[in-house]
Amino acid sequence: MFEKASMKTNQPAKAQLIAHGAGSLTDRQLIEVFVGPKYQLMLDSLMRQYPNLNGLEQLSVEELALFDGIGMNKATNILAAIELGKRILHQQYTRVETVTSSEALGKGLIKYFWACHKNI
């Protein structure tokens, strides 16, 4: 995953999402939407352990729930959102297309490997 540039605002993450769209949020702010703004220390810890959210998707619900302020309910929601994103991404890059030229093949492979690279 990659960190989006946050808009310069003092808005809570949910308010910023409503006003400017989910793409305007940083990775930290996206997690904040699930846990709430009062858990800044937990968010600091989570982002230190999982910079750019790398590896977060590999945690079990129980492991994620160990972070103070997340709990089982929020951990379930976070991991469900991650899985939903993975499925959408997979669906976008597994469509079968007819290759009509080497140029089309090259463009398709670039899109495929770029998606794989972003998932690492």
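Yes/no matrix, rows are residues, columns are (1) under 19 Å from residue 75 (Cβ atoms); (2) in contact (Cβ under 8 Å) with a residue 40 or more places away in the chain; (3) within 16 Å of the chain's Cα centre (by Cα):
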| site | (1), (2), (3) |
| --- | --- |
| 13 | yes, no, yes |
| 17 | no, no, yes |
| 24 | no, no, yes |
| 29 | yes, no, yes |
| 33 | yes, no, yes |
| 36 | yes, no, no |
| 44 | yes, no, no |
| 49 | yes, no, yes |
> Got a number for residues in region 53-76 being under 30 Å from residue 111 (Cα atoms) and surrounded by 12 or more Cβ atoms within 10 Å (Cβ to Cβ)?
Replying inline: 5
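Yes/no per residue for (1) surrounded by fewer than 17 Cβ atoms within 10 Å (Cβ to Cβ); (2) in a helix (DSSP H, G or I):
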position	(1), (2)
11	yes, no
15	yes, yes
19	yes, yes
78	no, yes
86	yes, yes
109	yes, yes
113	yes, yes
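One line per residue, one yes/no per condition, for (1) under 22 Å from residue 13 (Cβ atoms); (2) modelled with pLDDT of 90 or more:
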residue: 30; (1), (2): yes, yes
residue: 37; (1), (2): yes, no
residue: 41; (1), (2): yes, yes
residue: 78; (1), (2): yes, yes
residue: 95; (1), (2): no, no
residue: 101; (1), (2): no, no
residue: 104; (1), (2): no, no
residue: 107; (1), (2): no, no
residue: 113; (1), (2): no, no
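Identify, please: which residue in region 51-76 is closer than 23 Å to residue 11 by Cβ and assigned to a loop (DSSP other than H, G, I, E, B) and is, among those, nearest to the chain's Cα centre (by Cα)? So that I can check it myself, show each step before the final result.
The initial filter retains those residues of region 51-76 that are closer than 23 Å to residue 11 by Cβ, namely 52-53, 69-70, 74.
Now narrow it down to the ones that are assigned to a loop (DSSP other than H, G, I, E, B): 69-70.
Working: 69: 19, 70: 17 Å.
Selected residue: 70.
The values are calculated or read from the model by the stated rules, or taken from the named source; none is laboratory data. Just so it is clear, the model here is predicted, and its values are computed rather than measured. So basically every Cβ, Gly included, is an ideal-geometry build from the backbone, and we count neighbours across all protein chains shown.
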